[in-house]
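The values are calculated or read from the model by the stated rules, or taken from the named source; none is laboratory data. Bear in mind the structure is a predicted one, so any value in this text is a computation, not a measurement. Backbone-built Cβ (ideal geometry, glycine too); neighbour counts: all protein chains shown.
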Amino acid sequence: MAKFNFSNFKESLNGLTKRAKNIKVKRSDSSRYSKGKRSAASDQSLGWRIAKYGFIGLLTFFVVCVIAGGSLFAYYVSSVPKLTENKLQSTNSSKIYDANGSLIADLGAEKRESASTDEIPTTLVNAITSIEDKRFFTHRGIDVYRIMGAAVNNLRRSSTQGGSTLDQQLIKLAYFSTNTSDQTLKRKSQEIWLSLQMERQFTKQEILTFYINKVYMGNGYYGMKTAAKSYFGKDLSDLSVAQAALLAGIPQAPTQYDPYANPDAAKERRNTVLSEMYEDKNISKEEYEQAKATDVSDGLLPLTKKASYEPYLDNYIKQVIEQVATDANADIYSAGLDVYTNLNPDIQKYIWNVYNTDDYIYYPNDSFQVASTIIDVTNGRVVAQLGSRHQDENIALATNQAVQTDRDWGSTMKPITDYAPAIEKGVYTNTGTTVYDNPYNFPGSSTPVYDWDRKYYGSISLTYALQQSRNVTAVKALQAVGLDYAQSFLKDLGIEYPEMFYSNAISSSTSSADPKYGASSEKMAAAYAAFANGGTYYKPSYIKSIKFEDGSTKSFDSKGVEAMSPQTAYMMSSMLKQVMTGGTATEAYVPGTFNAAKTGTSNYDDDEYYKVQKESGVYAYLMVPDETFVGYNTKYSMAIWTGYKNRKTPLHDSDLDIAKQIYRVTSSYLNQMYGAGSEDFDMPSGVYNNGSYVFLTGSSTSNVYTGSLGTSSSSSSSDYGQSSDSSSSQDSQQYGPDASTNPSTSGSSNSSEHSNSNTSTAEE
């Protein structure tokens with residue numbers, strides 16, 4: 001390389017200077033040139049200074065960030081859990097406890113069979129690493145390339161892609177919550193550190209074996225060996241390529257990729273695994289095509305779920321699992337939780353015995369169904385719940401009718417849809433207000449509102465109207481408050497409708513099949529509990545608290561919201577107590593106790609009625625699909641549904657009394673064991689008693705009913721069925737086909753196969 005010659009450069013520079021002297025320029029031009037030259041040099045110098053200091057600043061910032069990041073990382077890992085082989089091997093089963101702190105279920109612990117390293121076939125290893133961690137055998141716990149690739153992907157797309165290795169996934173399963181919300185910088189730092197340490201202590205084969213035995217495989221099964229035997233009846237070594245790929249794909253989302261519940265999603269996931277295996281040259285093209293063409297159900301055994309807990313707990317535990325998923329964002333089968341519930345085991349066992357033996361109630365047959373919920377009115381805690389009778393004990397987490405909204409709750413809707421909103425809005429200021437049971441059409445239509453007896457009672461008190469469950473007065477009350485107000489009032493009590501109709505004055509039917517709309521045993525018990533406690537609504541809760549694997553805890557007590565004034569709640573309780581003592585619910589009354597309640601009955605529409613008669617062979621005078629009951633005292637609220645799974649199997653004759661009988665024996669038990677019903681409801685300020693009626697302080701007494709009760713007048717139409725005197729405890733039920741359609745707000749019918757809102761006289 002030639003050296004730089006300074007002498008030659010100096011001579012050249014002198015030559016240029018001499019030639020410059022021979023150039024004639026004006027003074028002014030020369031001055032401008034000189035100034036420009038100095039200015040350019042100055043700008044160049046300033047630019048270099050800015051660049052220099054900018055670089056120094058960036059370098060300093062980078063060094064500070066590295067030091068700070070390193071210090072923060074060191075701080076986070078200073079409290080890292082101890083890495084142990086036992087922790088890596090153990091199953092993160094969740095334990096469920098009752099309200100007394102007694103263990104009632106250990107989900108997952110018993111459904112696990114570990115595989116040894118030599119039992120794991122190469123095909124399964126290739127399937128796992130191809131889909132989860134392609135560089136598993138070359139990295140040392142973390143994969144920088146994968147992390148960078150995930151970061152680039154997440155910047156370019158709206159979806160997120162993880163950069164975790166198998167090591168990190170295993171550490172997360174063993175030590176930390178899998179919730180997205182829990183993926184903090186501290187947790188990530190500890191996860192990385194433990195992954196690095198695990199690589200130093202264990203071989204790749206051992207780490208992969210830990211992972212294969214640790215992962216949750218859906219349906220309560222842990223580990224791929226357990227899944228292989230449960231799903232296919234095979235050892236791991238006997239799995240086909242398609243089966244190995246299916247198992248390898250499940251851990252990412254066990255519920256989503258469940259081959260039984262979601263076969264299409266499971267197949268798509270399996271094919272993705274196969275594609276990655278082919279791309280990595282782990283299988284041949286022939287093997288790939290053959291496995292891809294295999295039906296996802298090929299070799300699958302029938303799924304059997306034998307519950308690990310007592311049968312009477314099944315419905316309740318199902319709701320616990322759902323609340324863990326929704327409120328804690330966790331999979332109870334893999335999160336390693338200690339879940340403390342609100343279950344009272346004694347009450348739960350009692351109602352189980354009431355439903356499943358003949359020691360308390362006479363049931364017409366084993367197919368007759370009951371669903372009920374019991375709630376602590378002071379806090380919304382669900383202390384007991386059953387969704388069926390004679391449930392198949394071989395089916396775990398079966399359908400829980402107690403939380404389903406597909407059946408009609410009839411006149412049990414009247415207190416919360418019609419009368420309570422009317423009192424809250426000021427339509428009624430005392431429980432003795434005179435109301436009129438007379439010929440009346442659904443608002444905006446020419447369709448008459450009838451009761452079962454086709455009788456009108458004329459002028460009666462508000463209390464008597466509710467006590468005898470008259471339909472006309474209920475619809476009038478709803479009209480007075482308005483559909484929008486009633487809809488909002490119900491929403492504050494946990495019951496929603498996509499839209500309301502005047503038929504909802506006497507029915508819980510909705511225009512939508514979405515299960516969030518309508519009423520259920522759970523929802524009704526919670527809504528009526530607001531009457532009992534002075535107007536506060538508590539969302540039903542099955543869980544008291546959860547202790548997570550990292551030692552943190554979370555409470556799940558429901559925070560109450562004011563749904564109505566204490567005055568409204570007390571006035572409703574005053575009227576509903578009289579339903580128990582002299583109205584439609586007398587058969588449920590336990591003498592000497594303070595309980596309030598409402599009965600309900602749904603019905604068949606005209607077309608259904610005759611079809612049900614023909615198909616069932618039942619020609620009884622009284623024939624309905626649903627009979628319901630909601631009752632409460634100062635401690636507990638209980639909502640009961642009775643009927644058959646097949647709605648077209650009718651209830652008739654003595655079947656109609658079973659819901660009331662169940663409440664009577666249960667409330668008697670609750671009174672004996674817990675004193676429930678031994679205290680009357682507290683009267684708030686702002687109301688006072690005058691005779692059998694309750695008045696708002698300062699309200700007018702001019703509209704109070706003072707006449708005698710017991711008279712009724714016939715409607716202009718011919719009487720239907722047998723008449724009823726005013727003292728009858730039988731609610732106003734429509735049992736026959738002579739019902740009019742309930743119009744919607746537009747005057748059209750609002751009926752469907754599973755909705756009874758198209759009948760006007762059907763409600764109890």
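Check the range 409-418 and report whether any residue there is among the charged types (D, E, K, R), over 21 Å from V579 (Cα atoms), at pLDDT 95 or above and outside any loop (DSSP other than H, G, I, E, B). Working first, answer last.
Filtering the range 409-418 for residues among the charged types (D, E, K, R) gives 414, 418.
Of the ones still in play, those that are also over 21 Å from V579 (Cα atoms) are none.
No - not one qualifying residue is present in the range 409-418.
Listed conditions (1) under 22 Å from A527 (Cβ atoms); (2) surrounded by fewer than 22 Cβ atoms within 10 Å (Cβ to Cβ) are all met by D657, apart from (1).
Pick out the one residue from E199, E268 that is without any contact (Cβ under 8 Å) to a residue 12 or more places away in the chain and not hydroxyl-bearing (S, T, Y).
Numbers: E199 fails: without any contact (Cβ under 8 Å) to a residue 12 or more places away in the chain.
Step by step, each of E199, E268 is checked, and only E268 is without any contact (Cβ under 8 Å) to a residue 12 or more places away in the chain and not hydroxyl-bearing (S, T, Y).
Of the residues examined, S520 is one that is within 17 Å of T373 (Cα to Cα) and assigned by TED's automatic domain parsing to the domain that holds A639. Scanning the range 380-397 for any residue that is β-branched (V, I, T) and under 16 Å from V665 (Cβ atoms) turns up nothing.
Condition check ((1) farther than 30 Å from D366 by Cβ; (2) among the aromatic types (F, W, Y); (3) in contact (Cβ under 8 Å) with a residue 24 or more places away in the chain) across all residues:
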{"site": "A569", "(1), (2), (3)": "yes, no, yes"}
{"site": "A597", "(1), (2), (3)": "no, no, yes"}
{"site": "T601", "(1), (2), (3)": "no, no, yes"}
{"site": "E608", "(1), (2), (3)": "no, no, yes"}
{"site": "W641", "(1), (2), (3)": "no, yes, yes"}
{"site": "M673", "(1), (2), (3)": "no, no, yes"}
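Here's the yes/no breakdown for (1) modelled with pLDDT of 90 or more; (2) under 33 Å from the mean Cα position of the chain (by Cα); (3) aliphatic (A, V, I, L, M):
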{"position": "A563", "(1), (2), (3)": "yes, yes, yes"}
{"position": "T568", "(1), (2), (3)": "yes, yes, no"}
{"position": "G583", "(1), (2), (3)": "no, no, no"}
{"position": "P591", "(1), (2), (3)": "yes, no, no"}
{"position": "A596", "(1), (2), (3)": "yes, yes, yes"}
{"position": "Y609", "(1), (2), (3)": "no, no, no"}
{"position": "G617", "(1), (2), (3)": "no, no, no"}
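Filtered by the rule that a residue be buried (at least 22 other Cβ atoms within 10 Å of the Cβ) and either in a loop (DSSP other than H, G, I, E, B) or among the aliphatic types (A, V, I, L, M) (or both), the range 120-134 gives L124, A127, I128, I131.
All of D346, D327, D376, D358 fail the test of being surrounded by fewer than 19 Cβ atoms within 10 Å (Cβ to Cβ), touching a strand residue (DSSP E or B) at 6+ places or on another chain (Cβ under 8 Å) and among the charged types (D, E, K, R), apart from D327. Checked against the criterion of being within 33 Å of the chain's Cα centre (by Cα) and surrounded by fewer than 17 Cβ atoms within 10 Å (Cβ to Cβ), the range 267-276 has at least one qualifying residue.
From the list K645, K635, the one residue that fits, being more than 18 Å from G387 (Cβ to Cβ) and either outside the structural domain of G582 (by TED's automatic domain parsing) or of a type in the set (K, R) (or both), is K635.
For the range 426-462, taking the residues that are more than 17 Å from Y502 (Cβ to Cβ) and within 37 Å of the chain's Cα centre (by Cα), the one that is surrounded by the fewest Cβ atoms within 10 Å (Cβ to Cβ) is identified as G426. Being modelled with pLDDT of 95 or more and within 18 Å of R381 (Cα to Cα) is a description that applies to P540.
The residue list L397, L478, L490 contains one member that is under 29 Å from G643 (Cα atoms) and in contact with a Lys or Arg (Cβ under 8 Å, 6 or more places away or on another chain), which is L397.
Criterion applied to D359, D366 was being at pLDDT below 95, assigned by TED's automatic domain parsing to the domain that holds D653 and in contact with a His (Cβ under 8 Å, 6 or more places away or on another chain), and the one residue passing it is D366. The condition of being small (G, A, S) and under 28 Å from the mean Cα position of the chain (by Cα) holds for only one of G233, G223, that being G223. Is it the case that some residue within the range 244-263 is surrounded by fewer than 16 Cβ atoms within 10 Å (Cβ to Cβ) and among the charged types (D, E, K, R)? No, because not a single residue in the range 244-263 is surrounded by fewer than 16 Cβ atoms within 10 Å (Cβ to Cβ) and among the charged types (D, E, K, R).
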